[in-house]
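In what follows, a single structure is set out as structure tokens and then discussed.
Just so you know, all these numbers are worked out from the coordinates, no wet-lab data involved. Values in this document were obtained by computation on a predicted structure and should not be read as measured data. Reconstructed Cβ throughout: ideal geometry from the backbone, glycine too, with neighbour counts over all protein chains shown.
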Amino acid sequence: MITLYHHPFSRAAGVLWPLEEIGQPYELKFVDLMKGQQKSGEVAAHNPMGKVPVLVDGDVVVTEVAAIALYLADRYAPGKLAPALDDPRRGAYYRWTLFAPSVIEPAVLAKTNKWEFKASQAGWGEYDAMVRSVDHALGNGDYLLGDQFTMADIVFGGTLRYMLRFKLMEGSPAVKAYAARLDARPAAQRADAKNAAITKEHGLG
């Protein structure tokens, strides 16, 4: 059984979608962030950062949303949610999966919080360049790899869905259309519903 240490107001919320896509049974362990449960006990034992998400699959422990998504695709949906190892699209698959946490997120945070920094010294570069790159990534079809939906779309697209939902990015017509396609996926809708139910159950809404 796959176990996810989870809180609906954390990045762990974004792991429900890949879990729903792979179709494997899993259990959620609620972590009370307000009580600091992530800083001790099982979570801290698995992840010294004291953060969620933490995914445990047998003897395997994986943290970080992108790493969890990549792991789940290779372990449970190779060739479907992840290109085959010898597929030349594997490079783009990695590229855009990791672009989300390493470029999109920090670029938006920097702009929102008016960070002062030299773009040439920051791994995420300039905000406008990030926006152009996002549009470039979506220029090959309905999904990042053309017609095939993959785990890269969950991480990259999930980040864009969040940014649009909370108005942290305006988003071009192409970005909005892409997000709408992702919103329509049954697995994404099930994940959103589960996060909403957990939010209500714990009186967080």
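Here are some notes:
- With θ taken as phi - 60° and the Karplus curve 6.51 cos²θ - 1.76 cosθ + 1.60 applied, the whole-hertz 3J(HN,Hα) list for segment 117-127 is 7, 8, 4, 5, 9, 9, x, 8, x, 9, 4 Hz, x standing for glycine and proline.
- Between Leu204, Gly146, Val61, the Cα set farthest toward the positive side of the dipole of the chain (charges on each charged residue's Cβ, about the Cα centre) is that of Leu204.
- Values (1) 1.44; (2) 1.29; (3) 0.96 are given for comparison; Rg/Rh (Cα atoms, Kirkwood Rh), derived from the coordinates here, is the one labelled (3).
- For the chain, the mean residue ellipticity at 222 nm estimated from helices alone is -12500 deg cm²/dmol, where every DSSP H run of n ≥ 4 contributes -39500 (n - 2.57) and the total is divided by all residues, rounded to the nearest 500.
- Net charge contributed by nearby residues that have their C-beta within less than 14 Å of Glu105 (K/R +1, D/E -1): +2
- For the chain, the share of DSSP beta bridges that are antiparallel, to the nearest 5, is 60%.
- As a rough footprinting exposure proxy, the listed residues Trp96, Trp124 were ranked by other beta carbons within 10 Å of their own, and the order from fewest upward is Trp124, Trp96.
- Basic side chains Lys and Arg get +1 at the Cβ, acidic Asp and Glu get -1 at the Cβ, and with that the dipole of segment 90-185 about its Cα centre reaches some 160 debye.
- Across segment 1-155, the mean sequence separation of Cα contacts (distance under 8 Å, 6 or more residues apart), normalised by length, yields a relative contact order of 20 percent.
- Note on segment 90-185: the alpha carbon radius of gyration divided by the globular reference 2.2 N^0.38 Å gives 1.04.
- Taking amide H as placed 1.01 Å from N in the peptide plane, the amide H of Val54 sits under 5 Å from that of Tyr5, each at least 5 places away or on another chain.
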